[in-house]
1. What full-extension length gain, to one decimal in nm, is calculated for Ile178 and Thr108 as 0.36 nm per residue of separation minus the Cα-Cα distance?
2. Got a sec? Charge dipole of the range 3-243, +1 on Cβ for Lys and Arg, -1 for Asp and Glu; which of Thr108, Phe41, Ile177 is way out at the positive end?
3. Between (i) 0.99; (ii) 0.93; (iii) 1.04, which matches Rg/Rh (Cα atoms, Kirkwood Rh) calculated for the structure shown?
4. So what is the orientation-averaged projected area of the range 56-153, using the convex hull of its C-alpha atoms, in nm²?
5. Excluding residues on the same chain fewer than 8 positions from Lys219, give the aspartates and glutamates whose Cα lies under 15 Å from its Cα.
6. What FRET efficiency, computed as 1/(1 + (r/R0)^6) with R0 = 22 Å and r the Cβ-Cβ distance, is obtained for Phe12 and Leu198, rounded to the nearest 0.05?
7. Computed FRET efficiency, Cβ-Cβ of Leu235 and Ile138, R0 51 Å: what is it to the nearest 0.05?
8. What is the calculated FRET efficiency for Leu60 to Ile81, with r their C-beta to C-beta distance and R₀ = 25 Å, to the nearest 0.05?
Amino acid sequence: MTSFVLKLIAMFSMVTDHVGDAYFKHVTPMNLIGRFAFPIFAFQISEGYIHTKNLKKYFLRLFLFALISQIPFMLFRLTYIPEGDFALNIFFTLLGGLTAISCYDKITKTDFKLFKSNYLNTAIKYIISILPAIFIGILAEVLSFDYGFFGICIIFLFYVFRNNKALMTISFALSCIIKYGLDIFSYGYHYYYVLLCLFTILPIVFILLYNKKQGKKIKYLLYAFYPVHLLIIYLIFGVFGAYF
């Protein structure tokens, strides 16, 4: 399965999720399908970091589309999300995840010689390397990034365990279980939390089928698709919906 196919699955999932939010205004099976999108996008950030030829341009591209997407995102969120309040769109989450893996990469490639023991130096290096991801994750919660700490966490884990599919799958599944477990603890048990957890884990199947080939290039189309589809859905169901 190429990167192109993964992106098509994520885009279809995202549209299904947002149309479900706009039309029904409560959790439906369309939102379950919508859980496929973010894990795939998170995985693509890890792959993008590995294959990008210019990291600065990659950062800038994500930041620019984060700014462009914020107004459509808030129009959609305040109109269709129950108890919707201010939040930062998914591009800020992807940007935070990219920053976390960039810091991790630089720290792990640094030669630490604080102690005589190489084992101790290595252990300290890897402990320090995860601190930026934790800090950015906390910041994502404080600033209300879409998907918050969980979003930063899975981008980071997809990169750290990119060469070990078993650990990548286990760490991703555990992250999902913890996320929805905390939701149940905070808001009370509902079977839909279990379904949301399962459908968030399911896209790992597509990710594991990834063949490390790009396929068709839709880089800028994918970036533009996010704010454009939010704006279109907002206009159809919010502005013009009263006329249908």
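1. Difference between extended and current length: 22.5 nm.
2. Going by the Cα projections, it comes out as Thr108.
3. Checking each listed value against the structure points to (i).
4. Computing the convex hull of the Cα atoms and averaging its projections yields 7.1 nm².
5. Candidates past the 8-residue exclusion: Glu47.
6. FRET efficiency, Phe12 to Leu198: 0.70.
7. Details: r = 36 Å, r/R0 = 0.70.
E between Leu235 and Ile138, to the nearest 0.05, is 0.90.
8. The calculated FRET efficiency here is 0.30.
Bear in mind these aren't lab numbers, they're just calculated from the coordinates by the rules spelled out. Small disclaimer: the values here were computed from a predicted structure and weren't measured. Here Cβ is always computed from backbone atoms with ideal geometry, including for glycine, and neighbour counts include all displayed protein chains.
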